[in-house]
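The values are calculated or read from the model by the stated rules, or taken from the named source; none is laboratory data. None of the values given here were measured: they were computed from a predicted structure. Cβ placement follows ideal geometry from the backbone for every residue including glycine, while neighbour counts extend to all protein chains displayed.
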Amino acid sequence: MTRPIEQAFALAKQRYADNGIDVEAALTRLDSLPISMHCWQGDDVRGFENPQGELTGGIQATGNYPGRARNAGELRADIDKAMALIPGPKRLNLHAIYLESDSPVERDAIEPRHFAGWVDWARQRKVGLDFNPTCFSHAKSADGFTLAHQDAAVRRFWIDHCKASRHISAWFGEQLGTPSVMNIWVPDGMKDLTVDRFAPRQRLMNAIDDIISEKLNPAHHIDAVESKLFGIGAESYTVGSNEFCLGYAASRQIALTLDAGHFHPTEVISDKISSAMLYVPRLLLHVSRPVRWDSDHVVLLDDETQAIANEIVRQQLFDRVHIGLDFFDASINRVAAWVIGTRNSKKALLRALLEPVDALKKLENSGDYTARLALLEELKTLPWQAVWDAWCLRSDVPIGADWLSDIRQYEQQILTQR
């Protein structure tokens, strides 16, 4: 049954070898590049703090496909099903609202013990965890401001929430032996014309300075800040703009988060990676698919996903770039969405690793742009799919669309019963 795949792989290896590419070396590298799956795809960003509460902060999950996870056990089971259908290493990205507690816990009082179930789960599966403070969908964010709020007491609440989140993130890294990347994003902004754009940004800068003032072990925890162009309810002014976050990350030497949907529709983050890497020590990439801006659709194997992967590989940024996903689609099977998006991201990385980068750079540096273009186009038709199928076979995950039957069975037996 597997013989045709093995035969196709042998032929593909030879085709790539003829172009100076070591397929086995590419697969070895691919096996070292984890993608951090986002927990919030499984329950439409509801969390367990108040799962029936209203989403705010410009966030919307549209659709009512059956089977949304209602608690941590269901969510972990769904993630397990998705991860079993995806080859290669994975991580999990958690938001603070995914805590587990028998009684209500305010966000400025969260502790590592509220995430012990997640750490136990991750340790058993040998995956790392990443983290995010949740600065939205809360009474103290109802007016659209958190860390940049005029009220010092409200600001202190969110500062303390982010500080508590850093301790949880560092605990993840200590417990699991791999650093947790903690991403700070806030929805702060205004719907209409804004007179004073400076003061809120000064407050945000001072607030983040306070948050990161305690030095934590970088082997356990990495700080990151994420920008946004605008959001629903903040169409005219976003405090944490790209310029703010790039300047902040560069001046404080922390990681910068680039989200594929957080820019003008004609902008792409693949073109920003090489510039940002000159000034910041690390990047966190939120790979998503904007349709008419930040709509967080499931990642496709499209031009921008491929361009992001190419930038990571061509510039050898493996140790400085962290790859995470960020989409939430409730109009299709949520577990399938994880599988589709994560497999596509890994396909893009594989295709990037199967480029003769040194040969392409040599052509470029010598001014032979004709050969550069010709080779780039010919590479598109080399049999990377045969390499992908062989890697799936080695990883003991379904090949092609065979994974869909597993999802359908899981849907019938589990999801539709919720």
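Would you call Ile323 hydrophobic (A, V, I, L, M, F, W, C), in contact (Cβ under 8 Å) with a residue 24 or more places away in the chain and either within 16 Å of Met37 (Cβ to Cβ) or touching a Cys at 6+ places or on another chain (Cβ under 9 Å) (or both)? Yes.
For the condition among the hydroxyl-bearing types (Ser, Thr, Tyr), over 26 Å from Val154 (Cβ atoms) and either surrounded by fewer than 14 Cβ atoms within 10 Å (Cβ to Cβ) or over 16 Å from the mean Cα position of the chain (by Cα) (or both), Ser180 does not qualify. A search for C-beta distances below 6 Å between a residue of segment 68-84 that is closer than 14 Å to Gly117 by Cα and any residue that is among the aliphatic types (A, V, I, L, M) and in a loop (DSSP other than H, G, I, E, B), counting only pairs 6+ apart in sequence or on different chains, returns Leu75/Ala69. Could we say that Ala309 is assigned to a helix (DSSP H, G or I) and more than 22 Å from Gly67 (Cβ to Cβ) here? Considered against the rule, which asks whether it is assigned to a helix (DSSP H, G or I) and more than 22 Å from Gly67 (Cβ to Cβ), Ala309 comes out as yes. Within the option set Gly173, Gly189, being buried (at least 19 other Cβ atoms within 10 Å of the Cβ), modelled with pLDDT of 95 or more and either over 20 Å from the mean Cα position of the chain (by Cα) or of a type in the set (S, T, N, Q) (or both) holds for one residue only, Gly189.
Checking each residue in segment 198-242 for being among the charged types (D, E, K, R), over 21 Å from the mean Cα position of the chain (by Cα) and within 25 Å of Ser275 (Cβ to Cβ) picks out Arg201, Asp209. Filtered by the rule that a residue be surrounded by 13 or more Cβ atoms within 10 Å (Cβ to Cβ), of a type in the set (Val, Ile, Thr) and not in a helix (DSSP H, G or I), segment 192-229 gives Thr194, Ile212, Ile222, Val225. Return yes when Val335 is touching a residue at least 12 places away in the same chain (Cβ under 8 Å), within 23 Å of the chain's Cα centre (by Cα), more than 19 Å from Leu33 (Cα to Cα) and part of a helix (DSSP H, G or I) and no when it is not. Yes; evaluated as a whole, the condition is true for this residue. Give the residue that is farthest from Tyr98 (Cα to Cα), with candidates limited to residues of segment 41-80 that are part of a loop (DSSP other than H, G, I, E, B) and among the β-branched types (Val, Ile, Thr). Ranking the candidates gives Thr62 first.
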